[in-house]
Every structure is written in C-alpha cells, then in structure tokens.
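Scroll down for the structure; my scribbles are underneath it.
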Amino acid sequence: MAYSEKVVDHYQHPRNVGSFGTSSEVAKRTDVGVGIVGAPECGDVMQLQIKVNEQGVIEDAKFKCFGCGSAIASSSLATEWLKGRSLDDAMGIKNTQIVEELSLPPVKIHCSVLAEDSIRAAIADYRKKNGLAAESAAPAAAH
Amino acid sequence: MAPKLPIYFDNAATTRCDPRVVEAMLPYFSEKFGNSASRNHSFGWEAEDAVELAREQAAALIGANPKEVIFTSGSTESNNLAIKGAALMYAKAPAGQTGRGHIITAIHEHKAVLDPCKRLQREGFDVTFLEPGADGIITAEMVAGAMRPDTILVTLMWANNELGTINEIPQIGALCHQRDVVLHTDATQWVGKMPTDVERDCVDLMSWSGHKMYGPKGVGALYVRRRKPRVRLEAILDGGGHERGMRSGTMNVTGIVGFGKACELCRQEMDHERERLLKLRRKLESGLASRIEVCQVNGHADKRLPNIANVSFGFVEGESLMMGVKDIACSSGSACTSASLEPSYVLKALGVGDELAHSSLRLSLGRWSTEEEVDFAIEAIVKAVEHLRTMSPLWDLHKEGIDVSKIQWQAH
C-alpha cells in the first residue's frame with residue numbers, strides 16, 4: 001500500500017514522542033492526563049499524555065504508539081494539534097479532520113478513530129483527577 | 001560493497017525466473033509453437049518431444065518415473081486435483097451422503113490445501129485439522145493418533161511456506177503405506193531445494209510449482225504414483241483427455257519447457273546451493289537475534305528449510321516494521337495490510353503470542369541472495385526496530401517490568 005507523503009513524514013520524523021514519566025509517575029500527577037486506547041491483539045495501542053496548565057490549556061502533549069504507519073502518523077498529528085488548545089477546544093478534534101489531513105485510505109480510518117479516542121481518554125483522565133465534570137461530552141465517533 | 005536496492009528477500013512468494021530457463025523457453029513461443037497433442041505433423045511432434053523432455057527432467061528431480069508426472073498450472077491446481085481427485089476416487093459413500101471418508105490435514109497448511117479440504121467437509125467427508133507443537137512440525141505420531149478405520153487421505157505440506165519448518169513426511173508416508181491410506185504432500189517450498197525421492201519417502205501424490213524454483217509462473221506438476229500402490233484420481237477438468245485423462249487442456253508447452261529446465265538446474269545446483277543458503281540464513285538469524293532484545297526465530301531450530309527465516313520482534317507492529325525496512329522486499333507475518341487485522345494464523349497455530357505474531361518478518365533467500373544483502377538487511381531491521389521501540393508504549397511497559405499480556409486492554 002502506498003502511504004501519503006504526510007504519513008511517511010510523521011513516521012520518519014514523529015513529533016512529540018515520549019511521556020511525562022513512567023506509568024506509575026504520571027498516574028500521580030494531577031497536571032497530566034493519560035489516555036491509552038487499543039489492544040496489542042488488534043495491532044494498535046496508542047498512548048497520549050497531555051500536560052494542562054492552571055488556565056485549562058494544554059501546554060504540552062506526548063505520544064507513544066504501537067501500530068501501523070497510519071496509526072503513528074495519526075497520534076503524532078494529534079499531539080501537534082493539541083498543544084495550545086483549551087480542553088473544550090481539544091474535545092472538538094474529529095477523526096475526519098485527521099483522515100483529511102493525512103489522506104488516510106478507508107482501511108486506515110480506524111487509526112484516526114483511535115487517535116480521537118485517545119484525546120478524549122486523556123482529557124477524561126485529567127478531569128477525573130481534578131474532580132472536574134465532563135463538559136460538552138459528545139459521544140465518540142461510532143466504530 | 002553496498003547491495004543494489006531494493007533487496008529481494010521474498011523468494012518463498014516467488015522467484016526470479018533464471019535467465020537459462022528463459023533462454024530454453026524462447027524458441028517455444030514463435031518458432032516451435034506446435035500443439036503437443038497434434039499427432040499428424042512435425043510441429044506437434046517437436047512440441048511433444050519438448051514436453052516429454054521436461055517430464056523426464058521433472059521426474060529426475062524427485063526420483064519418479066516420467067509417466068508419474070502430470071503437468072498443471074501450478075501448486076494450487078495440483079493440490080485441488082490431488083485432494084478432491086483422491087477423495088472422490090476413494091470415497092466410501094456417494095455424493096449427497098455423509099460418512100464419505102476421513103481426511104487428515106493440519107491447521108497451518110496453505111489455503112490451497114485448507115480450502116479444498118473444507119469444501120470436501122461440506123460435501124460429506126470428515127476432516128481432522130492437526131495442530132502442530134510450538135516448533136511448527138507435524139510428526140508421524142500425531143498423524144497415527146488421528147488415523148481412523150475410514151481414513152482415506154492424508155494431506156500435509158512437506159515444508160511450511162511461512163516458517164520453512166519441515167514435517168516428518170517420510171515417516172508419515174511409511175505409516176500411510178502400512179495403513180493403505182493415500183499421502184498427498186504440497187511440496188511447493190521443498191522441491192528443488194531439498195533432495196526428494198518419492199520412492200524412499202513413500203509419497204503417493206506431490207504438488208510443486210515452477211515459479212518457486214526459478215521457473216516461470218503458471219506451470220506446476222503433480223506426481224501421481226503408478227505402482228505400489230497405483231493411485232487413481234477423479235479428474236477435475238474434463239475435456240480432451242490430456243495427461244492420461246487426469247488434466248485435460250492444451251499443454252502449456254512453453255511453460256512446461258521452462259519448468260523442466262528449472263527442475264534440471266535445481267537438481268544440478270541443489271547441494272551447493274543448500275549449503276550456501278543455510279550459511280546466509282544462519283548469519284541473518286544470528287545477526288538479528290544477537291542485536292535485538294526480545295526477538296525470536298519462529299519454528300523448529302534445525303528442521304527448517306535453508307532459505308526461510310521467520311523472525312518476530314516484540315513490541316513493534318508488523319506493518320510499521322515493513323514500512324521501516326522498505327528497501328527489503330519481504331513478507332509480514334501479519335495480515336494487517338489487508339482488511340483483516342488478524343495476525344498470521346500460522347504463527348497463532350504455534351502459540352506465538354499476539355504481541356509477537358503482529359510483528360514478524362518472513363525473509364526468504366534465493367539463488368541470487370548475497371552476503372552483502374544479508375548484512376544490509378540486518379542493519380536496516382535493527383535500525384527500524386529501534387526507531388519503532390522509541391515510540392512503542394508496549395516497549396516502555398516491558399522495560400518497567402510490566403507483563404503486557406496480563407494487562408486488561410479495552411477491546412476496540
């Protein structure tokens with residue numbers, strides 16, 4: 001299968017790879033929200049971590065991804081789009097925007113869905129840790 | 001010296017047609033274009049002579065009598081003819097009934113064996129699908145344990161296409177002959193690389209293909225034993241009664257000439273080539289295993305073909321690994337590039353965990369593979385695995401001492 005240039009670029013030069021600490025360290029940090037979605041047997045696991053400041057703005061985002069090139073590109077792109085956004089604003093990122101930006105073929109749409117799910121999961125984790133109610137909790141895209 | 005890129009390490013999928021084979025074929029397109037079934041003129045005679053020479057070359061490679069070689073379009077057709085043809089010939093009850101006879105095969109066979117068996121299952125035959133051990137091998141003991149009084153056919157590949165593992169065909173053949181059961185073996189990956197003697201190895205029916213041994217695509221053969229015991233088949237293709245009525249259709253003379261030449265070259269060069277490939281495969285496997293943590297060579301350590309290496313790399317995903325080694329043409333153990341997200345059913349049959357089955361490469365060497373290519377491949381794969389592991393959350397968990405297989409993942 002031919003990958004789009006943008007997918008290849010994210011694969012070769014992934015943006016914001018990493019984490020804000022080990023799984024046990026970030027579990028204790030209230031300024032960090034963690035989303036892990038997918039399963040190894042399905043061939044995709046995405047981990048997204050967001051660092052949120054006191055104004056509720058995402059200051060930094062990091063990802064790790066076990067998955068195909070499109071999954072890596074989707075999560076790498078998600079970190080770029082998250083930085084500087086408010087939580088509510090970040091909730092508005094849709095998988096279809098990722099599909100469009102990366103020119104994902106139909107068989108790879110699930111990668112973008114997974115990226116959207118990981119954004120929602122990270123935000124939900126941050127809110128839960130800080131006792132915040134989920135706002136504008138639109139359901140995740142059906143998949 | 002840097003090798004020419006991309007490197008072709010997918011010889012188990014198909015091989016380059018040897019230029020000597022092409023040369024042998026060329027006159028049979030436009031000059032010697034006769035139909036081998038034309039008995040009334042020289043065009044037909046020279047085509048027939050060419051087909052009969054190829055039949056001798058094919059028979060010589062496997063220790064058979066030329067009369068026992070039936071030309072087909074390839075292994076898929078040979079497998080279909082052997083399995084369906086034998087089942088119908090030796091059926092214990094007519095069509096429309098159940099209890100028509102028992103067939104033994106294995107779960108990690110090629111689809112060209114599994115699907116004919118499944119069709120027969122729907123048509124009233126009982127089929128046992130043996131499961132290999134962790135080494136991938138089907139033993140004579142496993143077959144003996146599955147035999148029933150109504151067993152009519154055993155069909156097992158000689159060497160596995162994904163793993164290169166070698167089943168105990170000679171021992172299984174001896175067992176089948178004791179019990180008067182027909183043994184068919186899909187020897188597509190075996191013939192041409194390993195010494196074969198259908199008499200010594202007690203094989204009754206054997207499929208193989210031209211394009212897996214440096215011959216052309218679209219031509220193959222089925223060995224059909226003629227004596228001790230004489231094996232008979234119900235034809236699948238009806239028509240002009242070619243190939244002793246077992247395979248009607250005008251002979252692919254050009255392809256058959258190439259097939260014969262490919263058989264001859266394999267016979268002459270096999271011993272030397274086998275040693276050379278084994279050395280290269282061992283270098284490749286040890287090079288990867290010594291430089292990459294959590295890396296496993298799948299299948300039995302020794303009972304494997306000299307040219308196939310199937311290696312799993314923990315905590316990286318197969319398709320992204322393929323993307324990272326784009327200069328190496330090889331196969332992924334995972335079917336992720338298709339619509340299915342299932343890891344290889346062959347690796348699963350061996351009990352390879354999902355996290356490893358998803359990240360396997362099948363690297364298959366061939367006649368033109370060089371040591372420089374092996375060195376290049378090792379470097380490229382090591383680099384790609386390291387790159388992907390810097391991104392892999394599973395690798396982090398593993399490094400933190402967490403058993404990834406024990407985590408409750410949210411099913412997606």
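Check whether at least one residue in the range B:250-257 is outside any helix (DSSP H, G or I) and under 20 Å from the mean Cα position of the chain (by Cα), and report yes or no.
No; the residues of the range B:250-257 include none that is outside any helix (DSSP H, G or I) and under 20 Å from the mean Cα position of the chain (by Cα).
From the set of residues in the range A:39-55 that are away from every other protein chain (no Cβ under 14 Å) and buried (at least 24 other Cβ atoms within 10 Å of the Cβ), which is farthest from A:LEU82 (Cα to Cα)?
Looking at residues that are away from every other protein chain (no Cβ under 14 Å) and buried (at least 24 other Cβ atoms within 10 Å of the Cβ), I get A:VAL52.
Which residue, of B:GLU31, B:GLU23, is under 26 Å from B:LEU365 (Cα atoms) and free of Cβ contacts under 8 Å to residues at least 40 places away in the same chain?
B:GLU23
Taking the conditions exactly as written (modelled with pLDDT of 95 or more, touching a Ser or Thr at 6+ places or on another chain (Cβ under 6 Å) and not acidic (Asp, Glu)), does B:HIS177 satisfy them or not?
no
For residues that are buried (at least 24 other Cβ atoms within 10 Å of the Cβ) and within 14 Å of chain A (Cβ to nearest Cβ), tally how many sit in the range B:342-351.
Adding up the residues that qualify gives 3.
Can you tell which of A:SER103, A:SER112, A:SER86, A:SER76 is modelled with pLDDT of 95 or more and closer than 18 Å to B:SER392 by Cβ?
A:SER76
Run down B:SER320, B:SER248 and say which single residue is within 14 Å of another protein chain (Cβ to nearest Cβ) and of a type in the set (S, T, N, Q).
B:SER320
Which condition number does A:SER24 fail, the rest of (1) within 11 Å of another protein chain (Cβ to nearest Cβ); (2) at pLDDT 90 or above; (3) more than 30 Å from B:SER332 (Cβ to Cβ) being met?
Every listed condition holds for A:SER24 apart from (2).
Taking the range A:56-68, which residues are more than 14 Å from chain B (Cβ to nearest Cβ) and more than 11 Å from the chain's Cα centre (by Cα)?
If the condition is that a residue be more than 14 Å from chain B (Cβ to nearest Cβ) and more than 11 Å from the chain's Cα centre (by Cα), then A:GLY56, A:VAL57, A:ILE58, A:GLU59, A:ASP60 are the ones that fit.
Do you know which residues across the range B:353-372 are surrounded by fewer than 22 Cβ atoms within 10 Å (Cβ to Cβ) and modelled with pLDDT of 90 or more?
Matches in the range B:353-372: B:GLY366, B:ARG367, B:TRP368, B:THR370, B:GLU371, B:GLU372.
Quick one: is B:PRO3 modelled with pLDDT under 95, touching a helix residue (DSSP H, G or I) at 6+ places or on another chain (Cβ under 6 Å) and surrounded by 14 or more Cβ atoms within 10 Å (Cβ to Cβ)?
So B:PRO3 passes the test.
Does the range B:77-97 contain at least one residue that is hydroxyl-bearing (Ser, Thr, Tyr) and either closer than 30 Å to B:ASP180 by Cα or buried (at least 23 other Cβ atoms within 10 Å of the Cβ) (or both)?
Yes, that holds for at least one residue.
The values are calculated or read from the model by the stated rules, or taken from the named source; none is laboratory data. Everything numeric in this text was worked out from a predicted model, so none of it was measured. Glycine gets a Cβ as well: all are built from the backbone with ideal geometry, and neighbour counts include every protein chain shown.
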